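K.L.:
Mind looking over this structure? Questions follow.
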Amino acid sequence: MKKFITPLPQLALIHPGMVGKNDLPHLRDGMAAIMMFGIGFAPISALALSLMGIFTLPVATLILVIPSLVIAIGLSFYHPEYGRLMLRAYLMGIIAVACYDCVRIPFTMIGWMDDFIPKIGGMLVEDGNPHALIGYLWRYLGNGGGMGMAFVTAYALLRHRFLMLRLLGGLKTALLFGFFVWACLIITLKISPQGEDLMFVITPSSLLLSLIGHLVFGCTLGCLVNRFRPEEMGK
């Protein structure tokens, strides 16, 4: 009687434990990083869709933010270490946006730049009036915390897989992330029919000040990330 020898890849499908120790976790971490990055960008994506006139902000919130929150909770139950990582990263984002505002608010107080955050509150309430409290809650609990979570989780889970991330380190990578978010903001305002009316008018001074704020945001994230070893951030 012939003996059939099952190739190792097929055995691995039947018995996941036979996969090399580094293979399966890397696959899970990569998928989780993509999921967390998408979850973190849900609030800012909802705002971008609203600025473009595709959806109102409440509708975009129902379509993107609420499902992302449900997925985040489910992922936390499925893998508690991912949940702890998301929570820590989310808090880092809130700290980073607070540092951003420490730079931005003085400029708004002296009139160099308009405070557009209350306008976001008005977009969410849809009554035509600015709402500072709601706008700042969205900024901190939505945009700031979400983008912080997107960056920190992706960096923590993917750093060991990409040489460029290891070479750049947490601070430089976070600064590039801050620049990327700023560039996306400016492009969104330029291509949106009422982007500058709903947020702020793009001028040389607003460009510079908004760039500085986003770099402060990225720098803060980078400094916070460097205080922890990425492989231990979910523990």
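The values are calculated or read from the model by the stated rules, or taken from the named source; none is laboratory data. Note that the coordinates shown come from a computational prediction; the quantities given were computed from them, not determined experimentally. Cβ atoms come from the backbone with ideal geometry, glycine included; neighbour counts cover every protein chain shown.
K.L.:
Just the residues that are part of a loop (DSSP other than H, G, I, E, B), among the aliphatic types (A, V, I, L, M) and touching a residue at least 12 places away in the same chain (Cβ under 8 Å), please, taken from the range 100-137.
P.N.:
Scanning the range 100-137 gives a single hit, 113.
K.L.:
Sticking with this structure for a sec: Can residue 97 be described as surrounded by 21 or more Cβ atoms within 10 Å (Cβ to Cβ) and either in contact with a strand residue (DSSP E or B) (Cβ under 8 Å, 6 or more places away or on another chain) or part of a helix (DSSP H, G or I) (or both)?
P.N.:
Yes; evaluated as a whole, the condition is true for this residue.
K.L.:
Would the range 54-66 turn up any residue that is crowded, with 16+ Cβ neighbours inside 10 Å, assigned to a helix (DSSP H, G or I) and touching an Asp or Glu at 6+ places or on another chain (Cβ under 9 Å)?
P.N.:
Yes, the range 54-66 has at least one match.
K.L.:
Taking the range 138-174 only, how many residues are farther than 23 Å from residue 99 by Cα and either under 14 Å from the mean Cα position of the chain (by Cα) or part of a helix (DSSP H, G or I) (or both)? Spell out the reasoning first.
P.N.:
Of the range 138-174, the ones farther than 23 Å from residue 99 by Cα are 157-167.
Among the residues that remain, those that are also either under 14 Å from the mean Cα position of the chain (by Cα) or part of a helix (DSSP H, G or I) (or both) are: 157-158, 163-167.
Final tally of qualifying residues: 7.
K.L.:
Given the structure, is residue 110 modelled with pLDDT of 90 or more and under 24 Å from residue 99 (Cβ atoms)?
P.N.:
When the stated conditions are applied, residue 110 does not pass them.
K.L.:
What single numbered condition from (1) within 18 Å of residue 150 (Cβ to Cβ); (2) among the basic types (Lys, Arg); (3) modelled with pLDDT under 90 fails to hold for residue 172?
P.N.:
With (1) within 18 Å of residue 150 (Cβ to Cβ); (2) among the basic types (Lys, Arg); (3) modelled with pLDDT under 90 applied to residue 172, the lone miss is (3).
K.L.:
Given 216, 201, which one is among the aliphatic types (A, V, I, L, M) and in a loop (DSSP other than H, G, I, E, B)?
P.N.:
So the residue among 216, 201 that is among the aliphatic types (A, V, I, L, M) and in a loop (DSSP other than H, G, I, E, B) is 201.
K.L.:
While we're looking at this one, here's another question. Look at residue 183 and say whether it is surrounded by fewer than 18 Cβ atoms within 10 Å (Cβ to Cβ), small (Gly, Ala, Ser), over 21 Å from residue 72 (Cβ atoms) and under 16 Å from the mean Cα position of the chain (by Cα).
P.N.:
yes
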